[in-house]
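Readers should treat all values here as calculations from the given coordinates under stated rules, not as data from a laboratory. Here the structure is a predicted model, which means the values were calculated and not measured. Every residue, glycine among them, receives a Cβ derived from its backbone with ideal geometry; neighbour counts consider all protein chains shown.
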Amino acid sequence: MSHAPPAETGPANARTANAMKLETMAADTARVDLRIIASFVTAGARVLDVGCGDGTLLEMLSREKQVDGRGVEISQKGVNETVARGLSVVQGDADSDLVFYPDKAFDFTILSQTLQATGNPKTVLQSMLRIGRRAIISFPNFGHWRIRRQFVTQGRMPITENLPYSWYDTPNIHFCTIRDFVSLVDEIGAEIEEAVAIHGNGRRISRRSPWMIWNLFSEQAVFVLSDGSA
C-alpha cells in the first residue's frame, strides 16, 4: 500500500494546535521534535523511551503529562544523567534488548533521533510496534535539499545542524529519507496515524503537501505509527 500524509481531522486539529503551542516553548529549536512528540502522548500513559539519552524527554513527559515512564539507554553517561533526574532507566541496546519486553506493555514507545544509529532499524521498529500500542519516531531527513546540494557541489558527506558529525565519527550508520522511512512502514505493514515534517526553526510543512515536498524541504520528521490492531 502507498501512504499519503495524514489528512486533517477534528481531533488532529486540536492536537496540532496543542503541538504548536508546545513548540513555542522550546528553547532548543534543534530538538523541537521533543515538543511535538510530547504533544502526541496522552496524560498518564505508559511510555518506554528507547535511546532516552540524558532523560530530557522522559522528564518533560513526567512533568507535563504525568506519564508512567521508563527509559532504555546504551551509554553509561546517559543512564547516570537520567537517574540523576529521578527517572527510571535501564542500560540496554535497542538492537538486542527490546525482545525481552512483553507484547503491548506500553501505550507509547518512543525513538527520538535514534533510528539512524541502530544496527537494524527494521527489527527495532517492529519490536517497538510489538511492545507498544503506538510507536513515535523522529529522525533527521537525509533527503533535505541542503544535504543534496552539499553532495553535488562539494562531493563530501554533508554536515548540517541536524547532522553535525563528520563521516568518521558519526554515530549514524543508517541514514534515511522520509520516503525511505515511509517505504519501510509499508514493508512491515504498519499504519501512519500522524506525521509532522519540520523545517527551519520548527516550522511545519503542510500536511496537504505530497511526500516529495516533505522529502525535499523538511529537516526532521515525526511519525506516529501503529500495527493496525488498535
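Annotations
- Long-range HN-HN contacts of Lys104 with modeled amide H, under 5 Å: Ile131, Gly132
- Per-residue 3J(HN,Hα) values for the stretch 76-87, derived from phi via the Karplus relation 6.51 cos²θ - 1.76 cosθ + 1.60 with θ = phi - 60°, read 5, 4, x, 4, 4, 5, 5, 4, 4, 7, x, 10 Hz in sequence order (x marks Gly and Pro).
- Amide H to amide H, with H built 1.01 Å from N, Gln220 comes under 5 Å of Asn141, Ile198, counting only residues 5 or more places away or on other chains.
- Cβ-based exposure ranking for Cys176, Cys52, in which fewest neighbours within 10 Å come first: Cys176, Cys52
- Other-chain or far-sequence residues with amide H under 5 Å of Ala195's (modelled H): Val224
- Gain upon complete extension [Thr153, Asp186; 0.36 nm per residue less C-alpha separation]: 8.6 nm
- Net length gained if the chain between Asn80 and Arg46 were fully extended (0.36 nm per residue, minus Cα distance): 10.1 nm
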